[in-house]
Amino acid sequence: MSIASSLKICAFNVQSFGETKASNKKVMGVLLKILSRCDVCLVQEVRDSKGEVIKALVKDLNRFDKFNSYSHVESERLGRKSYKEQYVYIYRNNMLKSDRTNETQVFSREPFIVRFHSPTTLVKDFVLIGQHTSPKTAMKEIDELYAVVKEIQKKWKTENVMVLGDLNAGCSYVTIKGWKGVRLRSDPKFHWLIGDEQDTTVREKTHCAYDRIIVHGREIFSSVVPDSAQAFNFKESFRLTEAEALEVSDHFPVEVDLKPNHRYLLRHEL
C-alpha cells in the first residue's frame with residue numbers, strides 16, 4: 001500500500017447487468033478494469049433473478065486484482081412491479097468494513113444504505129446511501145433523500161453521509177423551477193460534487209449529469225480530495241469505440257477520493 005493512497009468511492013449504473021452481459025468476456029474484462037480502480041463501488045441495475053452474476057463477478061475481480069481482497073453486500077431485488085433490480089456494494093475488505101441497513105421510503109427502489117468503517121482515511125466512519133431513481137419521479141425521490149439522511153443522522157448519530165448513484169438528475173428529468181423545491185439541492189449543508197455541467201453518459205449525442213455524488217457533514221466534506229469528483233470516461237481511457245463502450249453501459253461511473261490518514265498508513269506500511 002502506498003502511503004499517499006486515498007480511498008476511491010465509485011458509483012456505476014452497469015445497465016441491465018445480468019447473465020447476457022456476464023457471459024460476454026470482452027465486457028467483463030472492461031468491467032473488471034473499472035471496478036479494480038475503486039475501493040468501494042455501488043453497482044446499480046443488477047438484473048439477475050438467480051443471484052449468480054455478482055458472485056461470479058467478485059470471484060473474477062479477486063483473481064484479476066491480486067493485491068486486494070474484495071467482498072460485496074447486496075440489497076434485495078427491488079421494484080414495485082415485475083421489473084426488479086438490485087444494488088450491490090463491491091469493496092476491498094482489506095481497507096473497509098461494512099455494516100448494512102435499509103430504510104423503506106416512498107421510492108420505486110428503496111435506497112441501499114451501508115455504513116463503512118475506514119481506518120485508512122481521515123474520516124473513520126461514513127454512510128453511503130445508494131440510489132437509482134425512477135426517471136418519471138426523479139425530482140420527488142431526490143427530495144425524499146433529504147428525509148433519509150435526517151433519519152440516518154438520528155439512527156447512527158453521524159453527520160458523515162454520502163448520497164451516490166444514478167439519480168437521473170439531469171436533462172429532461174429535472175427542471176430549473178423544480179430544483180428550488182428539492183431540499184437536498186437547496187440546503188447548503190449538502191455539497192453536490194458532480195456538477196450540472198458534467199456528462200455522465202457514454203453516447204456522444206447526449207450531455208447529461210444523471211449520476212451524482214453528494215456529501216453531507218463537515219468532516220467528510222473536508223476529507224474529499226479537491227477536484228477528485230468526476231465521471232470516469234472508460235471509453236476514452238480504454239480506447240473503446242462508442243459501440244464497444246455501450247456494450248458495457250450507457251453510463252460512465254462517477255467517483256470521488258477521500259484523503260488518507262497518513263499516521264495510520266505509516267504505522268502499517270510494510
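The values are calculated or read from the model by the stated rules, or taken from the named source; none is laboratory data. These numbers were taken from a predicted model, which means no experiment stands behind them. Backbone-built Cβ (ideal geometry, glycine too); neighbour counts: all protein chains shown.
Listed values, structure above:
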read-out: Single unsatisfied condition, S172 versus (1) in contact (Cβ under 8 Å) with a residue 12 or more places away in the chain; (2) closer than 15 Å to P135 by Cα; (3) surrounded by fewer than 21 Cβ atoms within 10 Å (Cβ to Cβ); (4) of a type in the set (S, T, Y); value: (1)
read-out: Residue within segment 64-81 that is at pLDDT 90 or above, in a loop (DSSP other than H, G, I, E, B) and among the acidic types (D, E) present; value: yes
read-out: Number of positions in segment 223-264 that are surrounded by 14 or more Cβ atoms within 10 Å (Cβ to Cβ), of a type in the set (A, V, I, L, M) and in a helix (DSSP H, G or I); value: 3
read-out: Neighbours by Cβ (under 9 Å, 6+ apart or cross-chain): first from segment 51-70, on the phi > 0 side of the Ramachandran plot; second assigned to a loop (DSSP other than H, G, I, E, B); value: G51/R77
read-out: Any hit, segment 147-161, residues being in contact with a Leu (Cβ under 9 Å, 6 or more places away or on another chain) and assigned to a loop (DSSP other than H, G, I, E, B); value: no
read-out: Qualifying residue in segment 135-143 (condition: on the phi < 0 side of the Ramachandran plot and touching a strand residue (DSSP E or B) at 6+ places or on another chain (Cβ under 7 Å)); value: no
read-out: Top-ranked residue of segment 118-165 - restricted to ones that are surrounded by fewer than 23 Cβ atoms within 10 Å (Cβ to Cβ) and acidic (D, E), ranked as nearest to V225 (Cα to Cα); value: D125
read-out: Residue identified as under 28 Å from M95 (Cβ atoms), of a type in the set (A, V, I, L, M) and in a loop (DSSP other than H, G, I, E, B) among I129, I220, I194, I213; value: I194
read-out: Of the criteria (1) part of a helix (DSSP H, G or I); (2) of a type in the set (A, V, I, L, M, F, W, C); (3) closer than 30 Å to V30 by Cα; (4) in contact (Cβ under 8 Å) with a residue 40 or more places away in the chain, which one L184 fails; value: (3)
